[in-house]
1. Working only with C-alpha atoms, what are the Rg and Dmax values of the chain, expressed in angstrom?
2. At a Förster distance of 25 Å, what's the computed FRET efficiency of L69 paired with E178, Cβ-Cβ distance as r, to 0.05?
3. For the chain, what is the relative contact order in percent, using Cα pairs closer than 8 Å and at least 6 residues apart in sequence?
4. How many Å² of accessible area per residue for the range 61-214, probe 1.4 Å?
5. If we count every other residue with Cβ under 11 angstrom of E196's Cβ, Lys/Arg +1 and Asp/Glu -1, where does the sum land?
6. How much accessible surface does F79 have with a 1.4 Å probe, in Å² rounded to 10?
7. Between L95 and L36, with labels modelled 7 Å along Cα→Cβ, what's the label distance in nm to one decimal, could you check?
8. What net charge do the residues around D27 carry, taking every other residue with its C-beta under 9 Å from that of D27, with Lys and Arg at +1 and Asp and Glu at -1?
Amino acid sequence: MSMQGRITDSNISEVLHPAVETLDLRDCDISDTALLQLCNCKQLKKINLNSCKENRLAITSEGVRALALSCPYLREASFKRCCNVSDSGVLALALNCHLLQIVNLGSCSGITDASLRALGQNCIFLHSVDFSSTQVTDNGVVALVSGMCSKNLKEIHMERCVTLTDVAVEAVLTCCPEIYILLFHGCPLITDRSREALEQLVGPNKIKQVTWTVY
């Protein structure tokens, strides 16, 4: 269900019902107040709260916790540029929504290793994760890719994470046999060693998309 940006906190109740499975709320002017109204949407499987242009400030971890507690069958959750979503919100998702397959935390600047650790420990079906432009370090990436989702991960976006090194890239390539999209451009500490690891660990036709920046 998508209302092309017309949904607000005050009218979202008009489109919510117990059988709703998809909510596309991209660029809708909503806040945590809207997410608190999802308590009867137990069948919700996909929610898109991405902001396409500017940071979305009114969605915070409080709203994400409410979402996680209301919607245990969630499979896809996208919060790109929801920069007030922090680890506590992701922890609630990981602990309550074990069927998660796709998580987008791109440009959620408060996200740290704790979020990746929680996803790795709890979400076995996770196959696509975006934590670009966050505070994660090598330790977080290692925790994610050595967790229960390691064999299912196919797509990882970790571009513009300025503390990541070759250790993160090598961990992904070593632990994730199904990986076919790996984006790590804009990571200034990643060196030519990662290119060599790609050549050694990955067959010529396996990875469909890889990007990195040469410094």
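1. Values for the chain (Cα only, Rg and Dmax): 17.3, 55 Å.
2. Details: r = 31 Å, r/R0 = 1.23.
Efficiency for this residue pair is about 0.25.
3. On the way: 559 pairs, mean separation 25.6, N = 215.
Rounded, it is 12 percent for the chain.
4. Heavy-atom accessible area per residue stands at 40 Å².
5. In short, -2.
6. Using a 1.4 Å probe on the heavy atoms, I get roughly 0 Å².
7. 2.0
8. Local net charge: +2.
The values are calculated or read from the model by the stated rules, or taken from the named source; none is laboratory data. Values in this document were obtained by computation on a predicted structure and should not be read as measured data. Cβ: placed from backbone, ideal geometry, glycine included. Neighbour counts: every protein chain shown. These area figures cover heavy atoms from the full protein model, side chains too; ligands, DNA and RNA do not enter into them. Shrake-Rupley method; radii C 1.70, N 1.55, O 1.52, S 1.80 Å.
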